[in-house]
1. So which trypsin sites (Lys or Arg not before Pro) in the range 194-299 end up in coil per DSSP with only 14 or fewer other C-beta atoms within 10 Å?
2. Quick one: net charge around residue 355, please, counting Lys, Arg +1 and Asp, Glu -1 for every other residue with C-beta under 12 Å from its C-beta.
3. D for the range 137-263, whole µm²/s, Stokes-Einstein with Kirkwood Rh over alpha-carbon pairs at 25 °C and 0.890 mPa s: what number?
4. Output the antiparallel fraction of DSSP beta bridges having both residues in the chain, as a percent to the nearest 5.
5. If the limit is 22 Å between Cα atoms, which of 180/324; 78/126; 78/180; 263/523 go over it?
6. Can you tell me the accessible area per residue over the range 404-536, all protein chains present, probe 1.4 angstrom, in square angstrom?
7. For 211, 326, give me the order by solvent-accessible area with a 1.4 Å probe, most accessible first, ignoring ligands, DNA and RNA.
8. Compute, for the chain, the length of the dipole vector about the Cα centre, with Cβ point charges of +1 (Lys, Arg) and -1 (Asp, Glu) only. Units Debye, rounded to 20.
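The values are calculated or read from the model by the stated rules, or taken from the named source; none is laboratory data. Treat the numbers as computed from the prediction; the structure is a model and nothing was measured. Methodologically, a virtual Cβ is constructed for each residue, glycine included, from the backbone with ideal geometry; neighbour enumeration extends over all protein chains shown. Accessible surface is based on the protein model in full, side chains and every heavy atom, while ligands, DNA and RNA are left aside. Shrake-Rupley method; radii C 1.70, N 1.55, O 1.52, S 1.80 Å.
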Amino acid sequence: MSDQPRNTSPAAPQIVRTHRTGYDLLLHPLLNKGTAFTVQERDIFGLHGLLPPHLGTLDDQRDRRKKALDNQPDGFAKYTLMRDVQDSDETLFYSLMEHYVEELLPIVYTPAVGEGCQRFSEIWRKPRGLFISYPNRHRIDEMLAHPRYDEIRCIVVSDGERILGLGDQGAGGMGIPIGKMALYTALGGIPPFHCLPILLDVGTDNQALLDNPIYVGWQHQRVRGPEYDDFIEEFVAAVMRRWPNILLQWEDFAGENALKILKRYRDRLCTFNDDIQGTAAVTTGTLLAAVHATGVPLKDQRIAMFGSGSAGVGIIELLVAAMKADGLTETEARERIYAFNRHGLMVEGDPALRASQMPLARRQQDVKDWHLSGDGPISLLDAVRNARITVLVGTSAQAGAFTEEVIRAIARNAERPVILPLSNPTSKSEAVPADLLRWTGGKALIGTGSPFAPVDVDGRTVRISQTNNSYIFPGLALGILVSRARRVTEAMIMAAARTLASLSPAVQNPDGALLPPVADSRKVGLAVAQAVAAAAIAEGASDLPIDHVQSELDAYVWQPVYRPYELVQTCA
């Protein structure tokens, strides 16, 4: 085996063979073992003097890095240190993630990655992934052609326009593809050398970045319209030429672009948008777990979707599919969902409605007899009172939008209201769990987009489930890759959601958390992968025999361990 630390299944080769020596070997993050190189390896690869004399192990290195992490003053400092570890020794990075996933997931990804994107130009040091800028659009094939990318099987790509709830971060949005791909490996076991993060730099409309002399991106107003669409087409066409069977995940594109791109390409290659479909799957899975705990079926719930951008649209469409599976018609399912934009409840005839929002709008006759608190758009409080809302989902990035009055009103509609403030980072959450539990007398079933500490309620400790896409997309991607699926279907997304719901502690205990502990994320990823692969096979999107799924998973999943090295002599 040459130059890549492959998986560690019993059937896999156990030796890494490489031609790299000295600095070249130590500077390769997938090959560097630091002080864990043996004396014999130091002899063979010319490492004496380049390394301190101590002979260490992966356990030693992990303990040393953990102490350094613990000494950092805040989340951003820890994020920066973990990025440095990733860029110097990926095996150590993923070993840290494996042993401390609950502690490090909020550091490597949300919420710390938000500040990492905002301050990306301050901390960028080493190349990771690809920056494909609009001025370099004629060089896309050339950039993708390098042999270092021969083994790539999956890509996460962003244009940096809608980063979490922080808006346009331009080239700093690269922090998101890097973070997502890290979780592909840490939680899904996808080999890191199969992963390529990409940032499509089409400029930025963030004036602070345009004025910042240290900004690393293209300092130009965003390219839009036909020029933007043509650039995306050039990128997709080049990717398909280079890797005909690639898995391409779209990430943090602005709402209308996100929906348009997914619609255009979902039947041309194996692709999904995590903000739309991943968010929909984790939200639907959480709701299915919650309604099991309430004893009231999903089809009998009345849902307010506060925020109807691309994430909200995706959630609604998957919830409609779930309700139809429970026996409702399309019309009946949509009648149970009340969708809001920044103006208020979406109602037919509103000129501010975008095309993607039209199917979500209520008919005028649905609300004509409502008792409203004032003139103008219908507020969330009005809808909760008149429609007797029992489930409240927030994707608005409006901090504090779920007010005490709204929450107390929903608590009068349901014995156990389900409340999911999903916006992240933490500063954008529609409410904080402690308030939600206080305002509902401890009755609310809660899932949040960002991590929150447990809350003490009447002598019991309530663990707050983080309704994070990381429960879905690593396993979804793993199932797609292992099954060699040709497309990503709605049935595959639904399989991921239902599998997550089946793993909820609330299935066994109505007072339990809605989602499994973050520490079990790798187990969740593997379970989701199995279900997704099976759904792909059932849908005809994969030709893998169903009885081969488990053996393919076992053979494919990568583990962070150091292995012995042999030198491959190169021809002069």
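1. Here the trypsin sites (Lys or Arg not before Pro) that fit, given the DSSP loop and packing criteria, are 224, 268.
2. +2
3. Roughly 161 µm²/s, to the nearest whole number.
4. Approximately 15 percent, going by the DSSP bridge assignments.
5. On the way: 180/324 32 Å; 78/126 17 Å; 78/180 17 Å; 263/523 32 Å.
Table pairs above 22 Å Cα-Cα are 180/324; 263/523.
6. 34
7. Working: 211 105, 326 70 Å².
The residues order as 211, 326, largest area first.
8. Magnitude of the dipole: close to 360 debye.
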